[in-house]
1. Using only the Cα atoms of the chain, what semi-axes does the equivalent ellipsoid have when each is the square root of 5 times a gyration tensor eigenvalue? Give whole Å, largest first.
2. Compute the Cα gyration tensor for region 209-268, then decide on rounded, prolate or oblate, letting a ≥ b ≥ c be the square roots of its eigenvalues: rounded whenever a/c is under 1.5, prolate when a/b is larger than b/c in the other cases, and oblate in all that remain.
3. Along the charge dipole of the chain, Cβ charges K/R +1 and D/E -1, which of A88, I223, V344 sits furthest on the positive end?
4. Rounded, prolate or oblate for region 196-339? Axes are the square roots of the Cα gyration tensor eigenvalues, ordered a ≥ b ≥ c, and the cut-off for rounded is a/c under 1.5.
5. Size of the dipole of the chain about the Cα centre, Lys and Arg at +1 and Asp and Glu at -1 on the beta carbon, nothing else charged, in debye to 20?
6. About the Cα centre of region 213-309, how large is the charge dipole given +1 on each Lys and Arg Cβ and -1 on each Asp and Glu Cβ? Please answer in debye to the nearest 20.
7. Multiplying the sequence separation of T143 and A33 by 0.36 nm and subtracting their Cα-Cα distance, what value in nm do you get?
8. Would you give the gap between the C-alpha center of region 206-228 and the C-alpha center of region 148-187, rounded to a whole Å?
Amino acid sequence: MTDTEHTPGHTHTERADACAPAASARTVAEQLAFVLGSVAPLPPVHVELDAARGLVLAEDVLTVTDTPPFDNSAMDGYAVIRADLLGASVSNPITLPVVADLAAGTAENPTLVPGQVARIMTGAPIPDGADAVVPIEDTDQGTELVTITQAPDAAAHVRRAGEDARAGDRVLAAGSVLWPARVAAAASAGTSTVLVHPAPRVAVISTGSELVTPGSPTRRGQIPDSNSFLLAAAVAEAGGIPVRIGAVPDDDDVLRTLLAELAGTVDVIVLSGGVSVGAYDVVKAVLKPLGTVGFGPVKMQPGKPQGFGRWPATGDVPGPLIFALPGNPVSAYVSFEVFVRPAVQALLGQPNLHRETITATVADGWKSPPGRAQYMPVIVTTDTEGTGDRTLWKVRPASRGGSGSHLVAGLAQANGLAIVPEDTSHIRGGDRITVMLTS
Ligand code: AMP
Ligand code: MG
């Protein structure tokens, strides 16, 4: 990507680019389409089932054997020949010899002949000759002789071989997300590894000479780096593997060297800070000359200045995707939710790239800048007076300060982002609004 592609028909100086008129800026939808157009699921790899949770299958999983693989008992009880027990009841108990004791895991297969039973535990193979199981509760639990007080139904408590799946059946389809029950389905199909799209490795770097590691003493002018923790946690929550680098100073050479070192080791690099028109905006200074990362403004608030592209390829190997997010924590978070998270989902091959959205009723209104879509951190609640119906969702801004992009404490209370359309400047109590649920 070049800047020319990024804002067609325009050539900008750095400063002119950041101050570009609204006409040359991209809408959120345009920027998102551009990002997603650059992202494909990562090439599939085989992983052990232990590492497969949450990943997306790249091929069907077929059963190796029938599931269950043999007829077995669904109850602790006695394997019987049903014809021996016709008419058995409490008033007509029938006593029979117990010729075997079959625990789960046994390979024994004593053939029952009429008049014989075998004690059997749940999961043990049904012996040849038996055609039903009498639960232990309908017996006197004898071990030599057992008295049975209930006539079993045909095939009672017998789990048939292959009743869950037949050898060769597709138990999981390519594209399925491996949530726990699906990991289990692959395991019971006899598979130890699965072909999946791997989780992307995502480096997270904060830039800013004012940033210190949280917990270190701060002198005047310094603040804790919260963005690298915010974004690393968000990467992990999105299903990626965060590689949190922490903060680097506003020094072009330091950043350039770090990015070059990281390029071969990660799929994505998420930077924050240094993308605006300040004198020390290091990210823009390092990435823009590469010609592969564009810094067109996006018609959104917060998150207007940001960049997206790739680190240059090494030979045939494409460089990692680069997201250059604004430094203000709320801006960084919103930009992550709107652009980075869907890209991580796409790299994972996830069928759903987007967060769930709801329509909610505004409790307390706020203002929105015209010409830009606003993403307002909000507290979403359900109306407890109501029936729990989704139409009764209510929202109010999470910060008393409103949409200020530095209001990280308010952000911590938010469980959604209300999406105000570009052409709306006032949100009033009672308005209906789309909200992206973020937790
Ligand atoms: P910048 O985008 O670099 O101009 O930064 C915008 C604002 O966000 C400044 O007030 C920065 O101090 C603040 N900021 C930038 N990076 C971080 C970070 N990693 N953690 C907390 N605040 C930050
Ligand atoms: Mg900065």
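The values are calculated or read from the model by the stated rules, or taken from the named source; none is laboratory data. Every value quoted in this text rests on a predicted model; they were computed, and no experiment measured them. Neighbour counts are summed over all protein chains in view; Cβ atoms, including those assigned to glycine, are modelled from backbone coordinates with ideal geometry. These area figures cover heavy atoms from the full protein model, side chains too; ligands, DNA and RNA do not enter into them. Shrake-Rupley method; radii C 1.70, N 1.55, O 1.52, S 1.80 Å.
1. On the way: eigenvalues 770, 141, 70 Å².
Each semi-axis is the square root of five times an eigenvalue, giving 62, 27, 19 Å.
2. Oblate, because a/c is 1.5 or more while a/b does not exceed b/c.
3. I223
4. Details: a/c = 1.36, a/b = 1.23, b/c = 1.10.
Judged from the Cα gyration tensor, region 196-339 comes out rounded (a/c under 1.5).
5. On the way: 30 positive and 45 negative charges, 448 e Å.
The dipole of the chain has a size of about 2160 debye.
6. Approximately 340 debye in magnitude.
7. 32.5 nm
8. One Cα centre to the other: 55 Å.
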